[in-house]
Each structure stands twice: as C-alpha cells, then as structure tokens.
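Notes to accompany the following structure.
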Amino acid sequence: MIDLYTWSTPNGRKVSIALEELGLDYNVHAIDITKDEQFDSAFLKIAPNNRIPAIVDTDNGLTLMESGAILMYLAEKTGKLMSGEFEPRWRTVEWLMWQMGGPGPMLGQAHHFIKFNPGVSDYAEQRYLNEGKRLYGVLDKRLEGRDFVAGDYSMADIAVWPWIARFEWQTIDLNEFPRVRDWYMRIVERPAVQKGYVVPNPQEIPLPA
Ligand SMILES: N[C@@H](CCC(=O)N[C@@H](CS)C(=O)NCC(=O)O)C(=O)O
C-alpha cells in the first residue's frame with residue numbers, strides 16, 4: 001500500500017496518474033498548500049523540502065519526496081512504465097529529467113507571474129512565457145514521428161503531461177504545437193489519467209479549442 005501526500009497540482013498529479021496506471025492501492029492524504037499544510041511538522045518528516053508530492057510505501061517503510069524520484073521508484077517496484085532495455089530506459093530517464101529541470105520549474109514560474117501575479121513584472125512574465133514556448137517547441141520536435149516521448153507510453157509522458165495540462169494558465173495556445181496537442185489528447189483519453197487527474201480534488205481536464 002502506498003500513502004500519497006498530494007494536492008491538485010502538476011507535480012501531485014504525476015504520482016496519482018502513475019499509481020492509477022500501475023493499478024497500485026493507495027491512500028490519499030490531501031496536503032492543502034493554499035493553507036500552508038506543507039509546513040506541518042508531521043509532513044516535514046516525510047518531505048523535508050516542504051513540497052508535495054511525497055509517498056510512504058507501507059510495504060517496506062520507504063519515504064520519498066520529489067516526483068521524479070517517486071516515478072522512478074514506482075517503475076522499479078512494478079517493472080512497468082520504464083523499460084528494462086538499455087536505450088528506451090535511458091531515453092525515459094532523459095526526458096523525465098528534462099521535465100524536472102525544464103518544464104517543471106520554468107512553467108511553475110510562468111504560473112506564478114502570468115496567472116497569479118500579472119502586472120508585477122513584465123520582464124518575468126515575458127521571460128517565463130518565452131522559455132515555456134521554447135520548451136513546448138522542444139517537445140513538439142521530439143514528438144515528430146513518435147506517439148510518446150520516449151518510445152512506449154512511460155513515466156516520461158506521465159511527468160510532462162500534467163504541466164502541459166496547464167496550458168491555459170501559461171497563456172500558451174496548444175494549436176501552435178500540433179504534435180504536442182495530439183500527444184496531449186492521446187493521453188487525455190486514458191482512463192487512468194482521468195482518474196489520477198482528480199486526486200485529491202475534482203477538476204475538469206482542460207481541452208484545447
Ligand atoms: N521538484 C519537486 C517540486 C515540488 C513542488 O514544487 N510542489 C509544489 C506543488 S506543484 C508545492 O508543494 N508547493 C508548495 C509551496 O510552494 O510551498 C517535485 O517535482 O516533486
């Protein structure tokens with residue numbers, strides 16, 4: 001059994017979607033980051049960086065923070081969503097790390113400035129919008145001739161997809177990136193994605209115009 005500490009954000013959804021895809025049993029503990037619950041001392045014992053998501057695997061007592069590490073752990077635990085073969089395995093790690101270092105922090109800043117603090121800094125809004133569009137362009141190119149980011153559907157897609165699901169907050173038009181749009185829609189159709197998306201709170205999956 002996995003205890004999942006999460007909130008309705010892209011990083012949280014990566015893990016709930018992965019758990020749904022893998023069919024693992026899990027208990028949801030909602031950590032309301034709008035009420036600073038990520039700073040509660042009980043949560044800090046599991047996630048010393050005071051960010052969601054985090055898990056505890058009650059099968060073996062392992063606590064883990066950092067969504068990328070959690071996805072890799074769940075893949076290793078189940079032998080699924082990250083190939084055991086040399087090249088596809090490292091492609092999956094490569095694009096998972098791309099998400100952790102690129103779309104995660106950069107689009108997170110786009111949300112901060114463009115969605116939540118418009119007008120505070122035109123420079124920052126432009127910087128993170130431009131960087132966001134550059135990253136969408138990289139993903140679009142990567143998806144040329146491919147259905148998924150790293151071969152078969154994998155933890156790399158699960159890591160990136162919830163960030164693209166915030167395209168409206170980022171003021172990015174998915175239709176400008178047709179391969180990303182098609183990939184996004186391919187993943188929207190997956191029942192596990194629809195189930196994982198609404199953990200811990202129900203919300204509609206945004207769809208492109
Ligand atoms: N690198 C971390 C980032 C986690 C993160 O930034 N989580 C956000 C929600 S998406 C959070 O907990 N924010 C709370 C805060 O900013 O205090 C991961 O991928 O798990």
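Every number here is computed from the coordinates shown, using simple stated rules; none is lab data. The structure displayed is predicted, hence computed values, not measured ones. Because the Cβ atoms are built from the backbone with ideal geometry, glycine has one as well, and the counts that use them run over all protein chains shown.
The table below lists the values:
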item: For region 2-78, radius of gyration divided by Kirkwood radius, i.e. Rg to Rh on alpha-carbons; result: 0.93
item: Neighbour-limited loop hits for trypsin sites (Lys or Arg not before Pro), region 124-209 (at most 15 other Cβ within 10 Å; DSSP other than H, G, I, E, B); result: ARG146
item: Equivalent ellipsoid semi-axes - Cα gyration tensor, region 86-190, angstrom; result: 25, 14, 11
item: Flagged links, alpha-carbon separation over 24 Å, of LYS45/LYS80; LYS35/LYS115; LYS80/LYS195; LYS115/LYS195; LYS14/LYS35; result: LYS45/LYS80; LYS115/LYS195
item: At 0.890 mPa s and 25 °C, Stokes D of the chain from Kirkwood alpha-carbon radius, µm² per second; result: 141
item: Region 153-200 pair-distance distribution - Cα-Cα, 5 Å bins, rounded %; result: 5, 19, 31, 27, 15, 3, 0
item: Using a Förster distance of 30 Å, the FRET efficiency for PHE116-ASP40 (Cβ separation, nearest 0.05); result: 0.85
item: Spin-label proximity, VAL138 to region 68-110 - amide N less than 16 Å from point 7 Å beyond Cα toward beta carbon; result: 91-110
item: Excluding exposed DSSP-loop GluC sites (Glu not before Pro) (at most 15 other C-beta within 10 Å), longest clean stretch of the chain; result: 1-84
item: Added length on full extension, which subtracts the Cα-Cα distance from 0.36 nm per residue, ASN201 to ASP59; result: 48.5 nm
item: Two-site label geometry, ASP173 and THR78: point separation in nm, points 7 Å out along Cα→Cβ; result: 3.8
